[in-house]
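Below you'll find the structure, written out as C-alpha cells, and then a few comments.
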Amino acid sequence: MNPTETPYVIARELTDISDELRAVPAPPLPALPAPFDIRTVDADGADAELLTEWMNRPHLIESWEQPWPVELRRQNLRAQLAGTYSRPCIVGYDFAAAGRPELGRRDIAYLELYRPAKDEIARIYHADPYDVAFHLATADPEAIGRGIMFAFVSGLLAGIFAESNCRRILVEPDHRNVAVRRMTERFGVPDLGEFDIRPDRRIKLYYLPRTPADIPTVRQ
C-alpha cells in the first residue's frame, strides 16, 4: 500500500515520513502565460490513453522508460491524484504564437510536479517540505527544437515560485540526458553534482533557490 492506502505504489515516493510532512499538500497547479495552458490529468477520462500513446513514442521510451499499458498508466495517475506527493499535468500550446496557426491549440507535453521531501532525492539533500521538482515529457515533435519548451519552462519556474512557501525548485535528470541538462544550464541553474540515487540510476541534481539563503546542502 502507498500512503493513500491504494494498492498501486509509486516507486519513488517515500513512505517513512512524518505525519507533518505527509500533511503538506501536493504542489499547486501553476498559472502559465499564454500561449500555454495547463490542466490536471483526468485519470478516468481519455488522458490515460493519450499518455499511454505518448509514452510509447520512441523518444519518450528512451528518456522515460515507461511504455506501460493503459491500465497501469491509469493506476499511476489515480495514485498521484489521491495523494500529496505529486500532481500529473498536461500542457497545451497555441501554435498561432509560433506563426503556425494551422496547427491550432493542442496538448504537447506531460508534466509531473512533486515534493522532493517526499521523494527518493530527499536522501541526497536536505529538502524543505515545500520544495518543488518536476519531470517534463515533450510529446509533440512540433514543439521540439523551436524554443517553445524553453519559453514554457521559463513561465513554469515563475509559476512554481508563486507558491510563497516554495524555497527552491529542483530538477534531477538522468546524467545521460543531454537535452534536459542543456536546457537547465541555459537558465544558469547550478547543480549539487551527480549522485547514484539507485544502483541503476545516476542523476545530476540542479537547484534554483528563491534567495541565496535557500541554497540547498548535500546530506553527508
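The values are calculated or read from the model by the stated rules, or taken from the named source; none is laboratory data. For clarity, every value in this text was computed on a predicted model and none was experimentally measured. Neighbour counts are summed over all protein chains in view; Cβ atoms, including those assigned to glycine, are modelled from backbone coordinates with ideal geometry. Quick note on the areas: whole protein, heavy atoms, side chains included, nothing else; ligands and nucleic acids left out. Shrake-Rupley method; radii C 1.70, N 1.55, O 1.52, S 1.80 Å.
The table for this structure:
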{"item": "FRET efficiency, 1/(1 + (r/R0)^6) with R0 25 Å, evaluated for residue 187 and residue 62 via beta carbons", "result": "0.60"}
{"item": "Solvent-accessible surface ranking, highest first, for 55, 183 at 1.4 angstrom", "result": "183, 55"}
{"item": "log10 of Debye I(q)/I(0), alpha-carbon scatterers only, for region 169-220 at 0.21, 0.32 Å⁻¹", "result": "-0.76, -1.29"}
{"item": "Region 56-137: chymotrypsin sites (Phe, Trp or Tyr not before Pro) in DSSP loop, at most 13 other beta carbons within 10 Å", "result": "none"}
{"item": "Selection of GluC sites (Glu not before Pro), region 1-83, meeting DSSP coil and at most 14 other Cβ within 10 Å", "result": "5, 65"}
{"item": "Rh by Kirkwood over Cα pairs, then Stokes-Einstein D for region 27-85 at 0.890 mPa s and 25 °C, µm²/s", "result": "193"}
{"item": "Taking the C-alpha atoms of region 76-160, convex hull volume expressed per residue in Å³", "result": "114"}
{"item": "Debye log10 I(q)/I(0) at q = 0.20 Å⁻¹ for region 80-220, Cα point scatterers", "result": "-1.31"}
{"item": "Region 1-144 - Kirkwood radius from inverse mean 1/r over Cα pairs (Å)", "result": "16.2"}
{"item": "Loop trypsin sites (Lys or Arg not before Pro), region 1-64, which have at most 10 other Cβ atoms in a 10 Å radius of their Cβ (DSSP)", "result": "none"}
{"item": "Cα-centre dipole for the chain with unit charges at Cβ (Lys and Arg positive, Asp and Glu negative), debye to 20", "result": "500"}
{"item": "Top positive-direction residue, dipole computed over the chain with Cβ charges, set 90, 178, 101", "result": "178"}
